[in-house]
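K.L.:
Can you read through this structure? Questions will come right after.
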Amino acid sequence: MLRVRCLRGGSRGAEAAHFIGSRLGRVFTGWVQRTFQSTQAATASQNTCAADDNKATNPVPKDCPVCSYNEWDPLEEVIVGRAENACVPPFSVEVKANTYEKYWGFYQKFGGQNFPEGHVKKAIAEIEEMCNILKQEGVIVKRPDPIDWSVKYKTPDFESTGMYAAMPRDILLVVGNEIIEAPMAWRARFFEYRAYRRIIKEYFNCGAKWTTAPKPTMADELYDKDYPIRSVEDRHKLAAQGKFVTTEFEPCFDAADFIRAGRDIFVQRSQVTNYMGIEWMRRHLAPDYRVHVISFKDPNPMHIDATFNIIGPGLVLSNPDRPCYQIDLFKKAGWTVIHPPVPLIPDDHPLWMSSKWLSMNVLMLDEKRVMVDANETSIQKMFEKLGISTIKVSIRHANSLGGGFHCWTCDIRRRGTLQSYFD
């Protein structure tokens with residue numbers, strides 16, 4: 001049986017500290033463990049969820065337009081990205097580490113230029129239709145500003161062109177009434193936040209909290225310039241050894257490596273999210289939220305939601321090709337783990353920045369409604385067997401730019417309260 005309680009601190013914080021510390025060496029181990037202990041001590045000095053522990057809480061101001069605690073409460077307002085002016089990122093080491101070898105020639109040829117015009121036009125039309133359907137379902141839709149991403153820019157540490165504002169999930173994380181801007185890890189995405197500032201300022205002026213994580217310099221020291229990438233087997237070995245293209249020089253993370261389940265937030269160490277970034281987020285959200293590091297058998301980890309997608313209280317989609325090493329944490333809490341069917345997207349369809357498993361990158365409108373690709377009939381049947389109605393939209397050309405429905409959106413407001421779904 002799934003148990004719902006309000007919790008703070010706890011043994012899993014120590015487990016996460018041990019996991020992070022084991023990866024980063026003895027010095028960092030002591031540092032992380034001390035921070036977890038200090039958080040637990042501070043929590044113990046408060047009223048530790050005594051008589052009120054079994055009550056759901058909602059600390060968000062009544063009129064605040066921003067409020068979202070999980071991935072499945074009824075969706076009321078959302079940001080949907082834009083494909084306009086999307087540019088191919090320059091073929092730098094961090095881009096190479098996150099893309100498939102068959103597309104490296106594409107990046108080498110078109111880096112810094114616009115994605116193919118005809119393909120982008122079709123993606124724009126698909127996302128417009130997606131927005132129209134969301135509105136028909138009663139959801140308020142906001143869009144980022146169009147920007148010319150081909151403009152070259154230079155910092156004291158690097159030069160680059162931009163990429164796009166297509167995937168708000170990558171850069172924005174909503175926790176309660178707070179919007180957190182992720183620092184990102186690709187140089188081509190350094191200024192991506194500019195497309196969202198108008199919207200965020202509007203939310204801030206209406207009462208939302210607004211936090212910008214420490215912006216990395218993205219100097220050469222953040223990247224392993226000699227990161228050895230030759231084959232899928234090499235990637236598996238490196239990931240198993242905890243080796244990634246990003247170092248621990250400074251905090252970095254993409255928001256899409258985090259996924260929310262009330263007081264518990266799950267994150268993976270990936271090519272774009274390092275342990276310093278995870279630790280910054282853990283400290284920032286403590287003691288009201290607990291950040292758990294989980295990992296997968298994934299040769300190229302980048303963004304968690306096409307590998308592990310929480311779709312309801314006690315219900316999670318887990319990619320069968322990328323099993324989760326900590327899945328017992330969910331099973332012991334009474335969760336149902338669903339393995340989605342093999343995607344149906346054709347082999348010849350270009351996926352420049354992602355895998356076929358975008359089929360499971362779905363957007364829950366509530367516990368009984370899901371937005372799913374119109375072409376993916378197998379996963380539609382899976383949802384129907386679960387008693388979840390499917391809202392079908394085709395975004396195949398939008399998929400090519402690196403995301404599914406979850407990636408293309410950032411839920412700003414869901415009607416619900418803060419709860420804990422783990423003992």
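K.L.:
To the nearest 0.05, how large is the calculated FRET efficiency for C64 and D348 if R₀ is 45 Å and r is the Cβ-Cβ distance?
P.N.:
Working: r = 47 Å, r/R0 = 1.04.
Approximately 0.45, to the nearest 0.05.
K.L.:
Over segment 296-422, what percent of the accessible surface lies on carbon and sulfur atoms, probe 1.4 Å?
P.N.:
51 percent
K.L.:
If one computes the Cα centroid of segment 196-271 and of segment 385-412, what distance in Å separates the two points?
P.N.:
Cα centroid to Cα centroid, the span is 22 Å.
K.L.:
Exceeding 29 Å between C-alpha atoms, which entries from my cross-link table qualify? They are K215/K243; K96/K142; K122/K154; K121/K215; K154/K356; K297/K381.
P.N.:
K96/K142; K122/K154; K121/K215; K154/K356
K.L.:
Roughly how many nanometres apart are two label points built 7 Å out from the Cα toward the Cβ at K109 and C206?
P.N.:
The answer from the label model is 4.5 nm.
K.L.:
Given Cβ point charges of +1 (Lys, Arg) and -1 (Asp, Glu) and nothing else, what value in debye, to the nearest 20, does the dipole of segment 85-151 about its Cα centre take? Intermediate values should be presented prior to the final figure.
P.N.:
Values: 8 positive and 9 negative charges, 24 e Å.
Here segment 85-151 has a charge dipole of around 120 debye.
K.L.:
Taking the Cβ-Cβ separation of A219 and D328 as r and a Förster radius of 35 Å, what is the calculated FRET efficiency to the nearest 0.05? Could you put the intermediate results ahead of the total?
P.N.:
Numbers: r = 39 Å, r/R0 = 1.13.
About 0.35, to the nearest 0.05.
K.L.:
Here's another thing I want to ask about it. Antiparallel versus total DSSP beta bridges in segment 275-423: what percent is that, nearest 5?
P.N.:
On the way: 8 of 16 bridges.
Restricted to segment 275-423, the bridges split so that about 50 percent are antiparallel.
K.L.:
Using a 1.4 angstrom probe, figure out how much accessible area the chain has per residue, in square angstrom, rounded to the nearest whole. Before the final figure, lay out the partial values.
P.N.:
On the way: 17040 Å² over 423 residues.
Result: 40 Å² per residue.
K.L.:
Calculate the spin-label point distance for I140 paired with S394, positioning each point 7 Å from the Cα along the beta-carbon direction, and give it in nanometres.
P.N.:
Inter-label distance under the simple model: 3.3 nm.
K.L.:
If you work out Rg and Dmax of the Cα atoms in Å from the coordinates, which of [x] 28.1, 119; [y] 28.5, 92; [z] 20.4, 63 do you get?
P.N.:
Structure-derived value, by its label: [z].
K.L.:
Please give me the summed charge of the neighbours of D321: other residues whose Cβ is under 10 Å from its Cβ, Lys and Arg +1, Asp and Glu -1.
P.N.:
On the way: positive: K297, R322, K356; negative: D298.
In short, +2.
K.L.:
Would you mind working out the magnitude of the charge dipole of the chain relative to its Cα centre, with +1 at each Lys and Arg C-beta and -1 at each Asp and Glu C-beta, to the nearest 20 Debye? Working shown, then result.
P.N.:
Values: 54 positive and 51 negative charges, 109 e Å.
For the chain, the charge dipole is close to 520 debye.
K.L.:
Give the carbon-plus-sulfur fraction of the accessible surface of segment 169-250 in %, rounded to a whole number; probe 1.4 Å, heavy atoms of protein chains only. Show your work: numbers first, answer last.
P.N.:
Values: 1800 of 3470 Å².
Summing carbon and sulfur atoms, their accessible area is 52 percent of the total for segment 169-250.
K.L.:
Let me ask another. Defining a contact as two alpha carbons under 8 Å apart and six or more residues distant in sequence, what relative contact order in percent does segment 239-320 show? Walk me through the numbers on the way to the answer.
P.N.:
On the way: 128 pairs, mean separation 26.0, N = 82.
Relative CO of segment 239-320 lands at 32 percent.
K.L.:
What does DSSP give for the chain in terms of the percent of beta bridges that are antiparallel, rounded to the nearest 5?
P.N.:
Numbers: 30 of 50 bridges.
Roughly 60 percent of the beta bridges in the chain run antiparallel, per DSSP.
K.L.:
Here is a follow-up. Testing the spin-label approximation: label points 7 Å from Cα along Cα→Cβ at K152 and R230. State their distance in nm.
P.N.:
3.4 nm
K.L.:
If you place +1 on the Cβ of every Lys and Arg and -1 on the Cβ of every Asp and Glu, how big does the dipole about the Cα centre of segment 242-327 come out, in debye to the nearest 20? Present the calculation step by step, with values, prior to reporting the outcome.
P.N.:
Numbers: 9 positive and 10 negative charges, 43 e Å.
Charge dipole, segment 242-327, about its Cα centre: 200 debye, nearest 20.
K.L.:
Relative contact order (percent) for the chain, with alpha-carbon contacts under 8 angstrom and 6 or more residues of separation?
P.N.:
In percent, rounded to a whole number, it is 24.
The values are calculated or read from the model by the stated rules, or taken from the named source; none is laboratory data. Not measured: the values here are computed from a predicted model. Ideal geometry is used to build each Cβ from the backbone, glycine not excepted, and the neighbour counts take in all protein chains shown. Please note that ligands, DNA and RNA were not included when accessible areas were found on the heavy atoms of the full protein model with its side chains. Shrake-Rupley method; radii C 1.70, N 1.55, O 1.52, S 1.80 Å.
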